[in-house]
Amino acid sequence: MTNQDVAASALVIQHTAQGGPRRLEEWWQAAGLRLDVVRAFEGAEIPDELYHDALVVLGGGYMPDDDTSAPWLRPTRSLVNQALDYGRPLFGVCLGAQMLALVSGGSVQADAGAPEHGSTPIRLRPEAADDPLFTGLPTVVPAIEHHRDAITALPAQATWLAATDRCPYQAFRVGASAWGVQFHPEVGPDRILQWDAADLSEQGFDRDKVHRQAVADDPVATQVWQQVAGRFARVVAGG
């Protein structure tokens, strides 16, 4: 077996039972990226060292430094630091993006601003034109949101890539190869039907309406975020 026969690998940290890599796993595997998923919420041990080619930190209902509720967050932050120090590609989703921002010197606030749920127009900023993952994408592209907490300040060295009306820091890059996205490219419309309808209603969202919009937007969203996933896999592979 030659080095070219060995697939690049990503360590994936999962924080909740429902918060798995979902369709990102399918897309990355199709692109030749092997995933090792650590189900930290079940007590699976977080490695001390990042030996993988990349790190993926998924979403979950925690602040990125809520070590009392989720003690695995501390070693996960250590892995984020290692990825940055070693120059290993990193992809953070929702909580993962907030953790990347916090570790890099930005700030995150609980219940910040207005919540976002369901398919939401993500506006790319001019800086995205030169980004390895976001270059050439439509100026506005839908993605599913599901959050109350938010990044309130990006790290000084971050490149701001995308925004929404309710939450400005939707996508950013730290250094050459560490990305954070506040939205959920891994989630399809079916996941919305599992959300708490009463909780959404209290926040001003009708779950059925949110679901219908996500179904309508999904063909475009799937095409774009699968392309972004493939680009990340190529970054990990060094291509």
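The values are calculated or read from the model by the stated rules, or taken from the named source; none is laboratory data. It should be emphasised that the depicted structure is a prediction, and the values quoted were computed from it without experimental measurement. When we count neighbours, we look across all protein chains shown, and the Cβ atoms used for this are built from the backbone with ideal geometry, even at glycine. The area values use the complete protein model at the heavy-atom level, side chains included, leaving out ligands, DNA and RNA. Shrake-Rupley method; radii C 1.70, N 1.55, O 1.52, S 1.80 Å.
Here are the numbers for this structure:
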item	result
Single condition A198 does not satisfy, out of (1) without any contact (Cβ under 8 Å) to a residue 12 or more places away in the chain; (2) surrounded by 18 or more Cβ atoms within 10 Å (Cβ to Cβ); (3) of a type in the set (A, V, I, L, M, F, W, C)	(2)
Of all residues in the stretch 125-184 being basic (K, R) and either assigned to a strand (DSSP E or B) or at pLDDT 95 or above (or both), the one that is surrounded by the most Cβ atoms within 10 Å (Cβ to Cβ)	R173
Close pairs (6 angstrom Cβ cut-off, 6 or more residues apart or separate chains): more than 14 Å from D165 (Cβ to Cβ) in the stretch 102-121, among the basic types (K, R) anywhere	V103/R77; D111/R148
Where a residue in the stretch 215-239 is closer than 14 Å to L137 by Cα and open to solvent by 30 Å² or more (accessible area, probe 1.4 Å) and its partner, wherever it lies, is part of a helix (DSSP H, G or I) and of a type outside the set (D, E), with Cβ under 6 Å and at least six apart	Q226/W27
Those helices (runs of 4 or more DSSP H) lying entirely in the stretch 1-114 with at least 2 residues over 13 Å from the mean Cα position of the chain (by Cα) and within 20 Å of G175 (Cβ to Cβ)	73-86, 95-103
